Amino acid sequence: MAQEKTGQCMCGAVKFTALTDALTFQICHCEMCRRWTGSAFMGVSVPNDGLRFQGVAHIRTLQSSDWAERAWCGRCGSTLYYRLTGDTATTTELSLGLFDTPSDFTLEEEIFIDQKPGSYAFSGDHPRATRAEVMAKHGVSLD
């Protein structure tokens, strides 16, 4: 059963309501996410049709790869989301820290674990996937 969750950026210019079935999040350690957030990106996957934004005039986006875009608040700079941009894209990865109740979510998986700096680690028994494993899962060639 879908639950309604709310959140906002640091300054409150961008707010959202998200309907999600799973109260889980994923951590990405890829170099691009680390540079974008200053650390690992913790994202909650939300179906696009269950996501509503207020303050869309403040949302800035960057096509960061051939297949995805990243967004932030143009007023305060808060990381907002990562989203695939192809025709089959159905979800948005919202930054966990934006949610009003982030402690409602549990860690489901870490990806690009082979690109994680050795200076930190997340505890728990959850799946950890390398870059090659993630790309193979999504049908992207590393050649």
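About the centre of its Cα atoms, segment 54-143 shows a dipole size close to 380 debye [charges on the beta carbon of Lys, Arg (+1) and Asp, Glu (-1) only; nearest 20 debye].
Note down the relative contact order for the chain as a percent, whole number, built from C-alpha pairs under 8 angstrom at least six residues apart. That works out to 25 percent. I need the shape label for segment 1-139. Rule: rounded when a/c is under 1.5, else prolate if a/b > b/c, else oblate, with a, b, c from the alpha carbon gyration tensor. The shape class here is rounded. Counted by Cβ distance under 12 Å from residue 91, the other residues give a net charge of -2, where Lys and Arg count +1 and Asp and Glu count -1.
Per-residue Karplus couplings for segment 96-106, computed as 6.51 cos²θ - 1.76 cosθ + 1.60 with θ equal to phi - 60°, are listed in order as 4, x, 7, 5, 5, 10, x, 6, 6, 9, 10 Hz, Gly and Pro entered as x. The Cβ shell under 9 Å around residue 46 holds other residues with a net charge of 0, Lys and Arg each +1, Asp and Glu each -1.
At a 1.4 Å probe radius, carbon and sulfur cover how many percent of the accessible area of the chain? Reported share for carbon and sulfur atoms: 50 percent. For segment 27-92 versus segment 1-15, the inter-centroid distance based on Cα atoms is 14 Å.
In this simple spin-label approximation, residue 10 and residue 114 carry label points 7 Å from Cα along the Cα→Cβ vector, and these lie 3.4 nm apart.
Extension gain, residue 68 to residue 88: 0.36 nm times the residue separation minus the Cα-Cα distance gives 6.0 nm.
Average accessible surface for the chain: 57 Å² per residue, computed with a 1.4 Å probe over protein heavy atoms with every protein chain in place.
The values are calculated or read from the model by the stated rules, or taken from the named source; none is laboratory data. Predicted, not measured: the structure shown is a model, and the values here were computed from it. Cβ atoms come from the backbone with ideal geometry, glycine included; neighbour counts cover every protein chain shown. Side chains are part of the model used for accessible areas, which takes the heavy atoms of the whole protein and leaves out ligands, DNA and RNA. Shrake-Rupley method; radii C 1.70, N 1.55, O 1.52, S 1.80 Å.
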